[in-house]
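Student: Before we start, here is the structure in question, set down as structure tokens.
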Amino acid sequence: MEKMAEILEAIKSLAGEKKLPEETIFEAIRESIETATKKTDAPTQASWEVRVDLDQSSCEYKTYRRWKVIEESRPEDEDSNPDAEILLSEARKKDSNCRVGEWVEEEIPSIEFSRIAINHAIPILKRKVQEASKRRTVDQFRTHIGKMVQGVVKRVSRDSTAIDLGDGAEAILPRSDQIPHDLFRIGDTIKALLCGISEDARGSPQLMLDRKGLEMLKQLFSIEVPEIAEGIIEIKAAARIAGSRAKVAVATVDSRIDPVGACVGMRGSRVQAVSNQLCSERIDIILWDENPVYLAANAIQPAEVINATIDVDRGLMNIAVPKDDLPQAIGRNGENVKLVEQLTGMNLDILSADDYEQKQTMGREACIQNLIEKLDVEEEIATLLFDNQFETVEDIAEAEVSDFRTIEEFGEEEELVEELRERAQSAQQEEITRRLTPELVDLLKRKRMPQRLVERIISAFTDKGIRTIQGLADLSTYELQEVATQSDFEINDKQAGDLIIEARRLLSAEEAETQADRDSASL
């Protein structure tokens, strides 16, 4: 044991030198003794389960052979180890209180910490030290997640690139997070965003990098433009097709500063510095605007926007540009449109001025005709409604009586307005109900619920894509109440439970009837 004490003293020094907890080194020693115990001259011991109890204060250790307690009638498993398992009846002879799944132990003679044990300890110790050092280094970088880092290319493979960040830290830049035109060589210095920490195949923590995302673009501008770092200029939105093109919308809290000019820099120096870091990605700096139409117009420049309409509820925007500007507005392979859509959060349809006017005319006629059919009114009234921003049945159904006072021709005709609202609400409910299967609508109406609640449930189901009895039956009570909450109404536990149970009952009856028909057909 004197020899063991000397070795452990050396290990304590190693722990201090490597700035690792002593427990990490002791764990390596315990594991090495266990490995050496199983690799003795007795071949049967190779499959044993062994545990070593090492006293760190006295440097003494004991060795135990272990068995896992299993059931008496458990069938044999390919992965089972008979030398490390014991039946419950046999285990009770060693420990009367043991249970299935627990371990029972028996002390066996300990091997000397000889040259053989030391040889086993060295690779284990190296692995433990490397893993502990790696974890310590990774922990130091946790506060840097979401920030830009710089490193030197260490290895390049087909799937990823390893980057040396210094101080023994290594990060991985996956191929999927690289810019398409990235071409790295060993020794190159690169910048990337530290986006997170994952685990490698051995369960060790691994720093992960990204060069493809929007945050990388924003971080580079924060480095190159001091006004952004100081908070004077803010990046309000950004859109990017990595390696090809990007758009950045900026605003300022100081009216004396031109945010676009500050980001572009003298003779384009600042934006060019960012572009050089991103494989010469073309970057447009535009002025931010809260109104998506004006923002889109700024983003499409130098193409001129002649006219535009927006449907906020449907997330649609129609934009008219001169015919000669159409290719420039759309961009190569539609890139410009895609970026403006990302920037505004709207779906864009960019048209020539003539096509825009034709579409608006056709759209106006279609909307008026729809109002005539749904509300059963004359063309004159439908046209008045459309021209005063009541373009759909939903607009009319959800409006208040006071909202119609802008229509001079209606005057004080409150009865007419109420009649129009009632017809619109009825048409709206019919449209919602039409989207559900008749069986589901019938089920909802048969339950003893207030009519208004039934209408709200039908509307909520339509919004969530629940259109059949099967869709209702697949929900839990909690999920159905969650649907109700998201649609701003309440349904109690009993109402929710009754609906789901009834749906499942109907499904079971339908399946039984289908099976009976199949049986009859087979006969």
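Student: Could you look through the stretch 336-366, keep only residues that are assigned to a helix (DSSP H, G or I) and of a type in the set (S, T, N, Q), and pick out the one that is nearest to GLY243 (Cα to Cα)?
Tutor: ASN336
Student: With the checklist (1) under 17 Å from VAL312 (Cα atoms); (2) buried (at least 16 other Cβ atoms within 10 Å of the Cβ); (3) in contact with a Ser or Thr (Cβ under 8 Å, 6 or more places away or on another chain) in hand, flag the one item MET346 doesn't pass.
Tutor: MET346 satisfies every listed condition except (3).
Student: What about ALA192, is it part of a strand (DSSP E or B), touching a strand residue (DSSP E or B) at 6+ places or on another chain (Cβ under 9 Å), modelled with pLDDT of 90 or more and farther than 30 Å from MET317 by Cα? Please lay out each step first, then the result.
Tutor: On the way: part of a strand (DSSP E or B): yes; touching a strand residue (DSSP E or B) at 6+ places or on another chain (Cβ under 9 Å): yes; modelled with pLDDT of 90 or more: yes; farther than 30 Å from MET317 by Cα: yes.
When the stated conditions are applied, ALA192 passes them.
Student: Something else: Out of the residues in the stretch 367-390 that are modelled with pLDDT of 75 or more, assigned to a loop (DSSP other than H, G, I, E, B) and not hydrophobic (A, V, I, L, M, F, W, C), which is surrounded by the most Cβ atoms within 10 Å (Cβ to Cβ)?
Tutor: ASN388
Student: Right, ASP182: assigned to a loop (DSSP other than H, G, I, E, B), of a type in the set (Asp, Glu) and either closer than 15 Å to LEU209 by Cα or at pLDDT 85 or above (or both) or not?
Tutor: Spelling it out, ASP182 is indeed assigned to a loop (DSSP other than H, G, I, E, B), of a type in the set (Asp, Glu) and either closer than 15 Å to LEU209 by Cα or at pLDDT 85 or above (or both).
Student: Out of ILE319, ILE285, I need the residue that is touching a helix residue (DSSP H, G or I) at 6+ places or on another chain (Cβ under 7 Å) and modelled with pLDDT of 90 or more. Which one?
Tutor: Values: ILE319 fails: modelled with pLDDT of 90 or more.
Exactly one residue qualifies, and that residue is ILE285.
Student: Right, next: Only one of GLU23, GLU17 is more than 19 Å from ALA84 (Cα to Cα), out of contact with any Cys (no Cβ under 7 Å at 6 or more places or on another chain) and modelled with pLDDT under 70. Can you tell me which? Outline the logic, then answer.
Tutor: Values: GLU23 fails: modelled with pLDDT under 70.
Within the list GLU23, GLU17, the selection yields GLU17.
Student: Now for a separate question. Of the conditions (1) exposed (fewer than 13 other Cβ atoms within 10 Å of the Cβ); (2) modelled with pLDDT under 90; (3) among the small types (Gly, Ala, Ser), GLY187 satisfies every one except a single condition; which number is it?
Tutor: Of everything listed in (1) exposed (fewer than 13 other Cβ atoms within 10 Å of the Cβ); (2) modelled with pLDDT under 90; (3) among the small types (Gly, Ala, Ser), GLY187 misses just condition (2).
Student: If I ask for residues that are among the hydroxyl-bearing types (Ser, Thr, Tyr), at pLDDT 75 or above, assigned to a loop (DSSP other than H, G, I, E, B) and more than 30 Å from GLU72 (Cα to Cα), which ones from the stretch 93-151 would you list?
Tutor: Across the stretch 93-151, the qualifying residue is only SER110.
Student: Here is a further query. So if I check each of SER222, SER204, SER160, which one is farther than 26 Å from LYS128 by Cβ and hydroxyl-bearing (Ser, Thr, Tyr)?
Tutor: Values: SER204 fails: farther than 26 Å from LYS128 by Cβ; SER160 fails: farther than 26 Å from LYS128 by Cβ.
That would be SER222, the only listed residue that is farther than 26 Å from LYS128 by Cβ and hydroxyl-bearing (Ser, Thr, Tyr).
Student: Now, a different point. Failed condition for LEU384, given (1) on the phi < 0 side of the Ramachandran plot; (2) in the same structural domain as GLU422 (by TED's automatic domain parsing); (3) free of Cβ contacts under 8 Å to residues at least 24 places away in the same chain, with all others met?
Tutor: (3)
Student: Can you work out which of the residues in the stretch 157-184 that are touching a residue at least 60 places away in the same chain (Cβ under 8 Å) and surrounded by 14 or more Cβ atoms within 10 Å (Cβ to Cβ) is nearest to the chain's Cα centre (by Cα)?
Tutor: Among them, the one singled out is ILE179.
Student: Still on this structure, I have one more. Would you please list the contacts, defined by Cβ atoms under 6 Å and residues six or more apart or on different chains, that run from a residue in the stretch 128-156 that is farther than 14 Å from ASP210 by Cβ and without any contact (Cβ under 8 Å) to a residue 60 or more places away in the chain to a residue that is of a type in the set (A, V, I, L, M) and outside any strand (DSSP E or B)?
Tutor: Note: pairs meeting the criteria are VAL153/ILE186.
The values are calculated or read from the model by the stated rules, or taken from the named source; none is laboratory data. The structure displayed is predicted, hence computed values, not measured ones. In this analysis, Cβ positions are derived from the backbone assuming ideal geometry, glycine residues included, and neighbour counts consider all displayed protein chains.
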